[in-house]
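Bear in mind these aren't lab numbers, they're just calculated from the coordinates by the rules spelled out. Computed from a predicted model, the values in this text were never measured in an experiment. Using ideal geometry, Cβ is built from the backbone for each residue, glycine included, and neighbour counts are taken over all protein chains shown.
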Amino acid sequence: MTLPLDFIQHCQTLVGVDNVIADQASLRVYECDALSAYRHLPELVVLPETVAQVQALLKLCSEHRMPLVARGAGTGLAGGALPVEGGIVLGLSKMKRVLAIDPLNRTATLQPGVRNLAISEAAKAHGLYYAPDPSSQIACSIGGNIAENAGGVHCLKYGLTVHNVLQLKLVTIDGELLVLGGSGLDAPGYDLLALAIGSEGLLGVVVEITVRLLPLQPQTQVLLAAFASVEHAGAAVAAIIADGLLPAGLELMDNAAIRATEAFVHAGYPVDAAAILLCELDGLPEQVEADSARAESILQSNGAVEIRKASDDSERKRFWAGRKAAFPAVGRIASDYYCMDGTIPRKHLAAVLKQIAELAEQYQLSVVNVFHAGDGNLHPLILYDGSRADDFQKAETLGGKILELCVAVGGTITGEHGVGIEKLGQMCVQFQAAELQQFHRLKHAFDPHGLLNPGKAIPTLHRCAELGRMHVHHGQLPHPELERF
Amino acid sequence: MRDQDLSEPIRQQVLEAIAARRPLRIVGNDSKAFYGGDCEATARLETAGHSGIIDYEPSELVLTARAGTTLARIASLLAQHKQMLAFEPPSFGGQATLGGSIACGFSGPRRPFAGSARDFMLGCKVVNGNGELLNFGGRVMKNVAGFDVSRLMVGALGSLGVLLDISLRVLPMPEAELTLAYSLPADAALTMMTALAARPWPLSALAYDGQQLRVRLSGAAAAVQAAARQLDGEVDLYGDTFWLELREQQLAFFQQPGDLWRISLAPATPPLALIGDCLLDWGGALRWLKTAQPADSVHAAAAQAGGHAICFRGADKTDWIRLDPALLALQQNIRSAFDPLKLFNPGRLQR
């Protein structure tokens, strides 16, 4: 489909010719996000530089009934920024200024294209930082973090994006600018701030964000505990939480992940361990000392075969180096991998990991596990070879099974990456028809013509009814005990 | 009262109300009837009987309970496992129910440091205005599947649906707590609160009652003691009572005559030029004001300072809250998406 010439010209008038991309080669850059298995060439990419331009563009799209996909840095892992057929991409990468740091009120006001890590860099001079730290924080934009309600290692103690944002300026599909939230800690009426965060670009386009900043902690300690079995590591996680400790980070790596990362960054990990836990504690020195002693004792009584305590800052960084490089490390041992993102109640950790291993064997694919154990957010990495026929499809089917397993034990199909196009099928497993219809009615309240990121995040009932992505094998539904429609 | 699941009877009542086009006033223990606009419905939908703790696992930091369960009962169970509702909701004489507290979205003194009611909301079961039983969110901390309808329910005053079951994140109780007090004038108290909150002290509350600034420290005993030594304040032996009375609105300040306003501002905002007595909570981000000034003046002063005002307890409910017209229109669309016949609590938050 080719867009009407007058529409393209109108876009050029609104944002300038240089900010409109229409040639095939340049459009290629925008054909996918970090879920690169799905690609679609957009018809047009528009790169506004001001709020007024975003407002005008949305109004134009509304008048032309033109679908659009807002895009930040494109680091999303669920295809949320995948261009839609016959639609345009609204790239927000040129809106990347830190508008203000307010040390007295401990806030930063940002344009959506500001990188996550750049916020803490800008706040550092005031002894402050922005807590949510997705693994892609060096590249991902705060606008994208808002769209996905991104998390990271420190979520267990400091919360997700939704817990750390005070105000959003949102442009509606009609081009109206709304202020959600406030300069204080709440706003009157419905909590639209909470609703907008994690809405995957379906309700409006965020053009300005005010986040909460926290004081930098004076001391941080990391413990590395090795276990002879994943079950013991899982039990240790539950014991730490039940004992009243709230670590800043509690991360688990299985043996495959330990070996892959050790070969890559040489962090000194015990490569024979079945699993390692990294437990980070922060606060005043007295708090860290007390918490470390407690954590050490709990780890010991829960079967840790070895516990190392970072003796200085460089050792602490080395402990983390492996965890932080886990994804590229796995990239070295497999030509392709598919990163999943389910959350489960922590008590099921060991059982779910065991079932993932069984599923992996069944599909004859390897799975590497490295994840946020403290909040039950799993990230199984399914290794496959994209050059082999059917390998991706097999990986995708296995991924779907893993997410359905998460739902079956009382968890969810996505903890921090979002649904995008990737998990639409599993949305039909997690939610009933009436709930999905309620989501659609809510979407309609913001966007009656369904122009904002259509086809993402919330599946149509038609799609669910077709069971198209439910991986039905020989007519047998997965988890038949779950009610469906 | 014995535990019982009244989900289906409550849904039936909603279906009958739909058939009769009869608006409903949702009532738990009615401990917060003073709050919000005047409800125009006369027919009552009772939820207090829908009570009981459905699931609680200390190692998961998650509790699920029916809406009619009292906060007092929940707090007592959590305390047995040294855990708590960290947003410190007021229990209004032990009457407040979980459903009402979430519907009102109230949070106490710990809010700036631990989070608000909505921050701890994980999932809920509701009946919408079509009489459908719906589940949103879940029982895990990280969950970004679908729109975050659970958090949207917090503070919606029941206008989007009848809350039935609610899952909340809970937190460990701190090992130790200590309150320091400083006698200061208002502007100096505000400056000190701002300075304290910018440093990594183990804070869990900061409030100023017009005479004394109180600073609550929470954490490991050694850390609390170390912070107290460095902060060099006078230890308030009745600190726990103060925070309880502040949370429950039992301090003498709350008993004075006049409308009680709740003003939300950026914490470092200088004192507003409004006549009346003011109490500062949330490190300055929440200002309680007792005044006889007209609603118009209070709303205008709060808006001019970049915040907003809500008449929390007042004789005249007509102007208790103000919304930007564009936001109001959107909120009406959202209400219609959940409750097209406007059956639930009409007038309480909006018609």
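Some observations on this one:
- Projecting the Cα atoms of B:Q256, B:A67, A:F264 onto the dipole axis of the protein assembly as shown, where Lys and Arg carry +1 and Asp and Glu carry -1 at the beta carbon, places B:Q256 farthest toward the positive end.
- For the protein assembly as shown, size of Cβ-based charge dipole, Lys and Arg +1, Asp and Glu -1, in debye: 760
- If you run the Gaussian network model on chain B, springs between alpha carbon atoms under 10 Å, then out of B:R11, B:R139, B:R21 the most flexible one is B:R21.
- Unsatisfied cross-links (Cα-Cα over 18 Å) in the set A:K94/A:K324; A:K394/A:K423; A:K354/B:K142; A:K124/A:K157: A:K94/A:K324; A:K354/B:K142; A:K124/A:K157
- Chain A: Cys lacking any partner C-beta under 4.7 angstrom: A:C11, A:C32, A:C61, A:C140, A:C155, A:C279, A:C339, A:C406
- Taking a point 7 Å out from the Cα of B:D30 in the direction of its Cβ, the residues of region B:51-92 whose backbone N falls within less than 17 Å of it are B:68, B:92.
- Measuring max minus min along each principal axis, the C-alpha atoms of region A:415-457 give extents of 26, 21, 15 Å (largest first).
- All other residues whose Cβ lies under 15 angstrom from that of A:V153 are scored, Lys and Arg at +1 and Asp and Glu at -1, for a net of -1.
- Vicinal HN-Hα couplings computed from phi for region B:55-70 (Karplus, 6.51 cos²θ - 1.76 cosθ + 1.60; Hz; Gly/Pro x): 7, 8, 10, x, 6, 9, 6, 9, 10, 10, 9, 6, 4, x, 5, 6
- Those aspartates and glutamates that a straight Cα-Cα span of less than 15 Å connects to B:K32, excepting residues fewer than 8 apart in one chain: B:E46, B:E248
- Counting only lysines at least 8 places from A:K317 when in the same chain, those with an alpha carbon closer than 17 Å to its own are A:K309.
- Exposure proxy for A:E416, A:E466: other Cβ atoms within 10 Å of each Cβ, ordered fewest to most, give A:E466, A:E416.
- 20 Å reach of a label modelled at A:A139, 7 Å along Cα-to-Cβ, counting backbone N of region A:109-130: A:112-121
- Our note on the geometry: Cα centres of region A:19-92 and region A:129-204, 20 Å apart.
- Residue-averaged 222 nm ellipticity for chain A, from DSSP H runs of 4+ at -39500 (n - 2.57), nearest 500: -10500 deg cm²/dmol
- Distance from the Cα centroid of region B:14-52 to that of region B:95-145 is 18 Å (rounded to whole angstrom).
- Inter-chain Cβ neighbour average for residues A:282-288, partner chain, 10 Å: 6
- In this calculation the C-beta distance from A:A263 to B:R22 is compared with R0 = 60 Å, giving a FRET efficiency of 0.30.
- Helix-only arithmetic for chain B: the sum of -39500 (n - 2.57) across DSSP H runs with n ≥ 4, divided by the residue total, places the mean residue ellipticity at 222 nm at -8000 deg cm²/dmol.
- J(HN,Hα) series, region A:414-431, from Karplus relation 6.51 cos²θ - 1.76 cosθ + 1.60, nearest Hz, glycine and proline x: 8, x, 7, 8, x, 8, x, 9, 5, 10, 4, x, 6, 4, 6, 8, 6, 10
- Of the residues A:C11, A:C32, A:C140, the one with the fewest other Cβ atoms within 10 Å heads the list, and the complete ranking is A:C32, A:C140, A:C11.
- Relative to the Cα centre, the charge distribution of region A:392-467, modelled as +1 at Lys and Arg Cβ and -1 at Asp and Glu Cβ, gives a dipole magnitude of about 80 debye.
- P(r) weight above 50 Å for the protein assembly as shown, C-alpha pairs, percent: 13
- Within the shell defined by Cβ-Cβ distances under 15 Å, the residues around A:E176 carry a net charge of -3, with Lys and Arg each +1 and Asp and Glu each -1.
- Extension gain, B:S76 back to B:R44 (0.36 nm per residue minus Cα-Cα distance, nm): 8.6 nm
- Nearest-0.05 FRET efficiency for A:H64 and B:I54, computed from C-beta distance (R0 41 Å): 0.25
- Modelled label positions at A:E466 and A:A351, each set 7 Å beyond Cα in the direction of Cβ, lie 3.5 nm from each other.
- With R₀ set to 51 Å, the beta-carbon distance separating B:R229 from A:Q393 gives a calculated FRET efficiency near 0.20.
- Put a plus charge on the Cβ of each Lys and Arg, a minus charge on the Cβ of each Asp and Glu, and nothing anywhere else: the dipole of chain A about its Cα centre is then about 320 debye.
- Here, chain A has an Rg and a Dmax of 22.8, 71 Å when only alpha carbons are counted.
- Considering only B:G219, B:I310, B:Q293, the residue lying farthest towards the positive end of the dipole of the protein assembly as shown is B:Q293, judged by Cα position with unit charges set on Cβ.
- Placing unit charges on the Cβ atoms of the charged side chains and taking the dipole of chain A about its Cα centre, the candidate lying farthest along the positive direction among A:P448, A:A389, A:G376 is A:P448.
- Residue order, fewest to most beta carbons within 10 Å, for A:I146, A:I421: A:I421, A:I146
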